[in-house]
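Readers should treat all values here as calculations from the given coordinates under stated rules, not as data from a laboratory. Note that the coordinates shown come from a computational prediction; the quantities given were computed from them, not determined experimentally. FYI the Cβ positions are ideal-geometry reconstructions off the backbone, even for glycines, and counts take in every protein chain you see.
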Amino acid sequence: MMSMLATPAAITITMFGIVALVTLGLGIYWLFNKRARLRDIAEMRAKLDELEPADPEYGMVRALYTSMVLDAERWGFFAGSESGGHDGSADHGGSDHVGDFGGSGHSH
């Protein structure tokens, strides 16, 4: 009689353990991925600050940086983070290129 009750209990405990480990693993992955993405965005911002608008790479770097910032905002990486270089704007400081990517015809 006892083995009939022990088997479902063992299966239930095992399943809860597996779910808990998967949840913990995903949480740790998300945390490290968040830190890596914020670090990559900071590096890209530094590269963008080094370039002048007349440089041939400027448009590509700015497009990549803007894409990275939009993805990070979509995933909530900036919510409550202490990212020093992010001021909520994807514009290059001091430039008049506000509408460069607005009319690309690419919508989500």
Here, GluC sites (Glu not before Pro) of the range 1-76 satisfying both criteria (DSSP loop; at most 16 other Cβ within 10 Å) are GLU57
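Taking the inverse of the average 1/r across all pairs of different Cα atoms in the range 2-74, what Kirkwood radius in Å do you get?
On the way: mean 1/r = 0.0632 Å⁻¹.
Answer for the range 2-74: a Kirkwood hydrodynamic radius of 15.8 Å.
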